[in-house]
Amino acid sequence: MKYLLLVAILFYIDYYYKRKVETEMKPGRDTRIAAGGKVLIRRVDNKGAAGGILSRKPSYVKIASTVASALAAIRFLSLLPMKRRALKKGAYAFFLAGALSNLYDRWVRGSVTDYISLVSRRIKSVQRVVFNLGDVFILIGGVTLFFLNLFRRRK
């Protein structure tokens, strides 16, 4: 139950900030500086996948995202009754929260609202990458699952 609650809380956090950015900022116009100049907050409406890939084929992205989210949800739900495996359940909770948040935007709003950019003095192009907390949750969950699978005990 606590892992389902974690999914709901993480989903809501990203949902809240996406809606806040949507109401306070115009796409591609407003930029705010945060974290001592290390982060830019700006609104980008992304119809494609990460980095705008397939933005001209949003229906493909919707279908692929739906299938990936469904598979992750099935695996996550199959883990819940198992004892132990807390880290794996937590990783799936993070992954699923981010995936569902972005999936909600794709189906209900027609695009995913991205709003975070990092600033680097050394690598100027990093600033062009815009993402949201849902993407961060997917990354945290995905990397954790990768390492859990990489180092799992062989029977």
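Have a look at Arg75, Arg85 and point out the one that is free of Cβ contacts under 8 Å to residues at least 60 places away in the same chain, at positive phi and surrounded by 13 or more Cβ atoms within 10 Å (Cβ to Cβ).
Going through Arg75, Arg85 in turn, the sole match is Arg85.
Taking the stretch 25-66 as the search range and keeping residues that are polar (S, T, N, Q) and in a helix (DSSP H, G or I), which one is modelled with the lowest pLDDT? Lay out the reasoning, then the answer.
So the first thing to find is which residues in the stretch 25-66 are polar (S, T, N, Q), and the list is 31, 46, 55, 59, 65-66.
Add one more test, that the residue is in a helix (DSSP H, G or I), and what stays is 59, 65-66.
Numbers: Ser59: 76, Ser65: 93, Thr66: 94.
If we take residues in the stretch 25-66 being polar (S, T, N, Q) and in a helix (DSSP H, G or I), then Ser59 is modelled with the lowest pLDDT.
Say whether the condition of being part of a helix (DSSP H, G or I) and modelled with pLDDT under 95 is met by at least one residue in the stretch 7-16. Steps first, please.
Looking only at the stretch 7-16, we keep the residues that are part of a helix (DSSP H, G or I), and these are 7-16.
Subsequent filtering for residues that are modelled with pLDDT under 95 retains none.
Within the stretch 7-16 (the criterion being part of a helix (DSSP H, G or I) and modelled with pLDDT under 95), the answer is no, since none of the residues qualifies.
Return yes when Ile74 is in a helix (DSSP H, G or I) and either of a type outside the set (Phe, Trp, Tyr) or closer than 18 Å to Asp114 by Cβ (or both) and no when it is not. Before the answer, list the steps.
On the way: in a helix (DSSP H, G or I): yes; either of a type outside the set (Phe, Trp, Tyr) or closer than 18 Å to Asp114 by Cβ (or both): yes.
The answer is yes for Ile74.
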Residue selected from the stretch 112-155 under the condition closer than 14 Å to Gly48 by Cα and either at pLDDT below 90 or assigned to a helix (DSSP H, G or I) (or both), by the criterion nearest to the chain's Cα centre (by Cα):
Asp135
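Could you please find all residues in the stretch 6-38 being of a type in the set (A, V, I, L, M, F, W, C) and under 17 Å from the mean Cα position of the chain (by Cα)? Please lay out each step first, then the result.
Within the stretch 6-38, the subset of a type in the set (A, V, I, L, M, F, W, C) is 6-11, 13, 21, 25, 33-35.
Within the stretch 6-38, Leu6, Val7, Ala8, Ile9, Leu10, Phe11, Ile13, Val21 qualify.
Can you go through Lys38, Lys47, Lys26, Lys2 and tell me which one is of a type in the set (D, E, K, R) and under 30 Å from Met82 (Cβ atoms)?
Details: Lys38 fails: under 30 Å from Met82 (Cβ atoms); Lys47 fails: under 30 Å from Met82 (Cβ atoms); Lys26 fails: under 30 Å from Met82 (Cβ atoms).
One residue alone meets the criteria, Lys2.
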Hey, among Leu4, Leu10, which residue is in contact with a Gly (Cβ under 9 Å, 6 or more places away or on another chain) and either under 19 Å from Gly98 (Cα atoms) or not aliphatic (A, V, I, L, M) (or both)?
Leu10
Could you grab me the full set of residues in the stretch 49-72 that are within 14 Å of Ser111 (Cα to Cα) and without any contact (Cβ under 8 Å) to a residue 24 or more places away in the chain?
Ala49, Gly52, Ile53, Leu54, Ser55, Arg56, Lys57, Ser59, Tyr60, Ile63
Test Val7 against the stated conditions and say whether it is of a type outside the set (Lys, Arg) and in contact with a helix residue (DSSP H, G or I) (Cβ under 7 Å, 6 or more places away or on another chain).
yes
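Those residues that are of a type outside the set (D, E, K, R) and in contact (Cβ under 8 Å) with a residue 40 or more places away in the chain, I need them from the stretch 10-24; list them, please. Before the answer, list the steps.
Taking the stretch 10-24 as the starting set, the residues that turn out to be of a type outside the set (D, E, K, R) are 10-13, 15-17, 21, 23.
Leu10, Phe11, Ile13, Tyr15, Tyr17, Val21 - these are the residues of the stretch 10-24 that are of a type outside the set (D, E, K, R) and in contact (Cβ under 8 Å) with a residue 40 or more places away in the chain.
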The number of residues in the stretch 6-44 that are under 25 Å from Ser125 (Cβ atoms), charged (D, E, K, R) and surrounded by fewer than 17 Cβ atoms within 10 Å (Cβ to Cβ) is 5
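Could you tell me whether the stretch 89-107 includes any residue that is free of Cβ contacts under 8 Å to residues at least 12 places away in the same chain and either among the charged types (D, E, K, R) or surrounded by 12 or more Cβ atoms within 10 Å (Cβ to Cβ) (or both)?
Residues of the stretch 89-107 that are free of Cβ contacts under 8 Å to residues at least 12 places away in the same chain, as a first pass: none.
No; the residues of the stretch 89-107 include none that is free of Cβ contacts under 8 Å to residues at least 12 places away in the same chain and either among the charged types (D, E, K, R) or surrounded by 12 or more Cβ atoms within 10 Å (Cβ to Cβ) (or both).
Counting only residues that are surrounded by 13 or more Cβ atoms within 10 Å (Cβ to Cβ) and over 22 Å from Tyr15 (Cβ atoms), how many does the stretch 122-143 have?
2
The values are calculated or read from the model by the stated rules, or taken from the named source; none is laboratory data. Treat the numbers as computed from the prediction; the structure is a model and nothing was measured. A quick note on method: Cβ atoms are made from the backbone with ideal geometry, for glycine too, and the neighbour counts reach across all protein chains shown.
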